[in-house]
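Let me begin by presenting the structure, written as structure tokens, before commenting on it.
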Amino acid sequence: MADTTMGTPATAARPSLFLRNATGLVKAWSTFDAFIYSFWSINLITLGLYGMSYVYTVPDGQLLVGILLFGVLVTFLVITYAMLVSVMPRTGGDYAWQSRVLGGGLGFVLSITGWWFTLFLWAPIYANILVVQFFSPLAYTLGWTGVATFFTSQTGIFVSCLIVLAFVSVVVTMGMETYARIQKVCFWIGLAGLAVVCGLLLFYSQSDFQNAFNREATSLFGAPANAYQGTIDAASKTFGGSSFGTFAFGPVLLLLPWLAFYLLWPNWGATLYGEVRGAKDIRKPFWSMFAGLWVTVAMVAVVVLLINKTIGWNFYQSANAAYWNNLFAVQGAAAPPVPIWPYPVMFAGFLVNNHLFQALLIIVMGLWFFGWAGTLFLSSTRVIFAAAFDRVLPAWAANISAKRRVPYGSLALMIVPSIVISAIYAFKPSFTSVFLDATAVLALTFFATVVAAIILPWRRKDLYEASPIARYKVAGVPAITIVGVITGLFLLFMLYEWSFNKDNLYGTSFQSTPNSVYYFLATYVVAVVIYVVARVVRNRQGIDLRRIHHEIPVE
Amino acid sequence: MPKIFFATDLHGSEVCWKKFLNAGKFYGAEVLICGGDMTGKAIVPIVSENGHYTVALGGEEQAVAADQVGEVEANIRRKGYYPLRMSVGRLHELDQDPVKRAECFQEVMLEGVDRWMGLAADKLRGSGIRCFVCPGNDDEMEVDDVIRRAELVELGEGHVVEIDGFSMISTGWSNPTPWKTHREESEEKLAARIDAMASQIPDPSRAIFNLHCPPYKSGLDEAPAIDADLKLLHGGRALRPVGSTAVREAIERRQPLISLHGHIHESKGAVKIGKTLSINPGSAYEEGMLMGAIIQLDPKKGIKSYQLVNG
């Protein structure tokens, strides 16, 4: 019976709403839980350190300023997504928003390329992160040089991709509830590990680090004496050096597309569930994403400052330059004395002259990977399900096994192509640029959602005016349009730089990487073909796909 | 052969009910089936004081001029809430007295359903469209009487009805939920309730099971995990199957042509359980969007086609 009364929190003096007991009326999720998900999505260690290892390409870009600027700009993305969640909480997600505002066909093509086809590329990227942050440093530390070098071979790269795909499949099979528990454990232990890393970098000096690096370079890698200077010398063949104190606005802007690799995703969990009291309240989703973003930004700032203090900025960037330029066979590049990706966690571990401790630190910090990577195909699975329920994909794509509730149809649609793409990644190095474009295509998907947000007040006037955000206007212009335009310009800038940067700074410029262009054009063509074929086939079956999102007249 | 439009869990959204009534013409369906949970979950007080009205919707309290109250009421109804004008004294009375609050809820809910039946009569008269409604677990038992009195809406609960050569059974009862709603019972009793109707069906291959609660572990019953305090776990990302084992067993044993479900709004989908096509179209009533399923039946094929739509 109606024995539950809830008042509005903001004006608790008297009740503003009477609720009765009814199915689905739940209390809000804890902001902390939602924060953890957002925090994982812009994973400071796995994605962050990996992405930042490329910023040597912009030596005059002041990273700290770049990170803060990126944080400010992504905040507009966060506001845009929080507003969309507020307008359409139940049917949230890029696919639903794009379909309902831009149209079913366009929504399908943009979402399926962004959340399905492009995610194939992320499996090898995840695999590479697993190798450079876990397998290789751990193997070298334990003296298993053979294992470490195996993972740098083509077969080893392919095996690492298979390991990632197997791990993701296990997570999908065990279900999100179990994995969420694992994530929490990984979160706390990972944070403890990060505290140790920061503590080491804080309390030791740069000369301590130089000595420790030289010692371990010889001990673990057989490098000649003074590998610290040797690394800088090796990098100097292709890299002019970098100073942390240099500041110029133009180069800071050029850092943004690199930072997008890990800081663009606080909205990853924008699809929220449940009929929560105040679900349309913009504050809950906003604060979850905002906190995830800015806590990460603050932590990155601390890590960057500590790297500068103890490891030395020029050395760190030189190590990155030497590693990547040698790997990509840049003309004139020399092999660094320590033939491993410059992992700041491993470097911090060097400060303690104990290989067991160093290995333990790498294992603990590996939890940043294992607590995060399991959700690789979560969004893809949802988009495939939605497309299958819309009859654009065959019904089997949404099949779930009766016993363990494994979505084997969508899993197969992700795993099988991912294996093929992983093989290409491992055995055809000329396709590398395709993988560098993985961020850009997701940014394009976000851009389409942002366009949907910009025009929402006019395209779906009914929905917009009935939502709580309708009252937010600036000079009569809907706030969602304004923040959407700012976000859109930000995304467009990065898309332009990825596509047309004249120096091919990001390895993805159209003029230099035709493979990448062909691949992504092909994915869009395939998505269009799937939609058109589905339209024709379903039409013969008496199903008109155009009417999926056609609104029934009210009066 | 009949084309069916099925929607469910409208929860007091008048926009969705109007769309439901228009769906027959819009999609060319001859049969409309509403799967239950018609009534809303909340009353939004519109408090009269000092010559104006005060209402809080979407988190912030706002003053509303008398000539704007109608618009505010329409907006509240759109979300599935019941707007109710009242004095400050009545507000405090309802706040403090659960019995009076319950009486008030029943009054506005039955009045709302009665108004919907009137709308149905206006819309469907002369159209030839049959309209079935089966109240769900969130609907009080008194709702049935209002539907029985309706001119052009047929009550589904507990009956076997014939639809152009196909038989349909309906129940809005569910297995126990954490909310202890109006039509909940043990799996054993629910199984007996379904069995009593299902045993009257001559040919399961031409049967429609309109059962509000979805089958257990079907993918149509995945609800966000909550704790004992009804708090969402893991940021709302973790899902649990909460459907009925009795419903699943009935489908597996009887193998009807199609089974129609609701109850779990987030769990939109269409799955095969043996030969049966089971559908939960989901619900987004608070957005004023009518999620539904169009099913074209065929005398030979059984199901000629089906489609989930967001109307």
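Among the listed residues A:R382, A:R404, identify the single one that is in a helix (DSSP H, G or I), more than 30 Å from A:K309 (Cα to Cα) and of a type in the set (K, R).
A:R382
Looking at A:A298, A:A333, A:A322 in this structure, which one is out of contact with any Gly (no Cβ under 6 Å at 6 or more places or on another chain), of a type in the set (A, V, I, L, M, F, W, C) and surrounded by 23 or more Cβ atoms within 10 Å (Cβ to Cβ)?
Being out of contact with any Gly (no Cβ under 6 Å at 6 or more places or on another chain), of a type in the set (A, V, I, L, M, F, W, C) and surrounded by 23 or more Cβ atoms within 10 Å (Cβ to Cβ) holds for just one of A:A298, A:A333, A:A322, which is A:A322.
What are the residues in region B:152-183 that are of a type outside the set (A, V, I, L, M) and in contact with a Leu (Cβ under 9 Å, 6 or more places away or on another chain), if any?
B:D164, B:G165, B:F166, B:S170, B:T171, B:G172, B:W173, B:S174, B:N175, B:P178, B:W179
Only one of A:A398, A:A412 is more than 10 Å from chain B (Cβ to nearest Cβ), more than 27 Å from A:T508 (Cβ to Cβ), of a type in the set (G, A, S) and free of Cβ contacts under 8 Å to residues at least 24 places away in the same chain; which?
A:A412
Select from region B:170-210 the residues that are among the hydrophobic types (A, V, I, L, M, F, W, C), assigned to a strand (DSSP E or B) and touching a helix residue (DSSP H, G or I) at 6+ places or on another chain (Cβ under 9 Å) and write down the one among them that is surrounded by the most Cβ atoms within 10 Å (Cβ to Cβ).
For region B:170-210, the residue satisfying everything is B:F209.
From the list B:G302, B:G282, which residue is buried (at least 22 other Cβ atoms within 10 Å of the Cβ) and small (G, A, S)?
Sole residue among the options that is buried (at least 22 other Cβ atoms within 10 Å of the Cβ) and small (G, A, S): B:G282.
I'd like the full set of residues that are under 22 Å from B:A74 (Cβ atoms) and not aliphatic (A, V, I, L, M), limited to region B:12-37.
B:G12, B:S13, B:E14, B:C16, B:W17, B:K18, B:K19, B:F20, B:N22, B:F26, B:C34, B:D37
Show me the helices (runs of 4 or more DSSP H) found entirely inside region A:73-189 where at least 2 residues are crowded, with 19+ Cβ neighbours inside 10 Å, touching a Ser or Thr at 6+ places or on another chain (Cβ under 6 Å) and among the aromatic types (F, W, Y).
A:94-102
Tell me, yes or no, whether region B:91-100 has at least one residue that is in a strand (DSSP E or B) and either within 11 Å of chain A (Cβ to nearest Cβ) or touching a Leu at 6+ places or on another chain (Cβ under 8 Å) (or both).
The answer is no, given that none of the residues of region B:91-100 is in a strand (DSSP E or B) and either within 11 Å of chain A (Cβ to nearest Cβ) or touching a Leu at 6+ places or on another chain (Cβ under 8 Å) (or both).
To keep it simple, each residue is scored yes or no on (1) assigned to a helix (DSSP H, G or I); (2) more than 21 Å from B:T181 (Cβ to Cβ); (3) of a type outside the set (A, V, I, L, M, F, W, C).
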| site | (1), (2), (3) |
| --- | --- |
| B:D67 | yes, yes, yes |
| B:E71 | yes, yes, yes |
| B:A74 | yes, yes, no |
| B:R85 | no, yes, yes |
| B:V108 | yes, no, no |
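Suppose we filter region B:243-262 for residues that are buried (at least 24 other Cβ atoms within 10 Å of the Cβ), more than 27 Å from B:K301 (Cα to Cα) and out of contact with any Pro (no Cβ under 6 Å at 6 or more places or on another chain); how many remain?
The qualifying residues number 2.
Can you find even one residue in region B:147-161 that is part of a helix (DSSP H, G or I) and not basic (K, R)?
Among the residues of region B:147-161, at least one is part of a helix (DSSP H, G or I) and not basic (K, R), which makes the answer yes.
Could you tell me which residue of region A:511-555 is nearest to the other protein chains (Cβ to nearest Cβ), considering only residues that are aromatic (F, W, Y) and over 23 Å from the mean Cα position of the chain (by Cα)?
Ranking the candidates gives A:Y531 first.
Could you list, in sequence order, all residues of region B:283-298 that are in contact with a Cys (Cβ under 7 Å, 6 or more places away or on another chain) and part of a loop (DSSP other than H, G, I, E, B)?
B:G288, B:L290
Tell me, yes or no, whether region B:48-66 has at least one residue that is at pLDDT 90 or above and under 30 Å from B:W173 (Cβ atoms).
No, that holds for no residue.
Of the residues that sit in region A:217-246 and are among the aromatic types (F, W, Y) and either crowded, with 21+ Cβ neighbours inside 10 Å or not in a helix (DSSP H, G or I) (or both), which one is modelled with the lowest pLDDT?
Among those residues, the one meeting the criterion is A:F244.
When the residues of region B:25-47 are filtered to those that are within 21 Å of B:V146 (Cβ to Cβ) and within 10 Å of chain A (Cβ to nearest Cβ), which remaining residue is surrounded by the most Cβ atoms within 10 Å (Cβ to Cβ)?
Step by step, filter region B:25-47, then rank; the result is B:D37.
Restrict the check to region B:87-95 and report whether at least one residue is over 16 Å from the mean Cα position of the chain (by Cα), over 30 Å from B:V47 (Cβ atoms), surrounded by fewer than 19 Cβ atoms within 10 Å (Cβ to Cβ) and not acidic (D, E).
no
If only one of B:V88, B:V72, B:V64 is closer than 27 Å to B:D138 by Cβ and more than 7 Å from chain A (Cβ to nearest Cβ), which one is it?
B:V72
For region B:213-230, check the following and say yes or no: at least one residue is surrounded by 20 or more Cβ atoms within 10 Å (Cβ to Cβ) and more than 14 Å from chain A (Cβ to nearest Cβ).
no
Before we move on, is A:S99 in contact (Cβ under 8 Å) with a residue 24 or more places away in the chain and in contact with a Gly (Cβ under 6 Å, 6 or more places away or on another chain)?
Judged against the criteria, A:S99 is a match.
Can you name every residue in region B:1-23 that is assigned to a loop (DSSP other than H, G, I, E, B) and surrounded by 24 or more Cβ atoms within 10 Å (Cβ to Cβ)?
Listed by number, the residues that qualify are B:T8, B:D9, B:L10, B:H11, B:G12, B:S13.
The values are calculated or read from the model by the stated rules, or taken from the named source; none is laboratory data. On a predicted model such as this, the values are computed, not experimentally measured, just so you know. Glycine also receives a Cβ, built like all others from the backbone with ideal geometry; neighbour counts cover every protein chain displayed.
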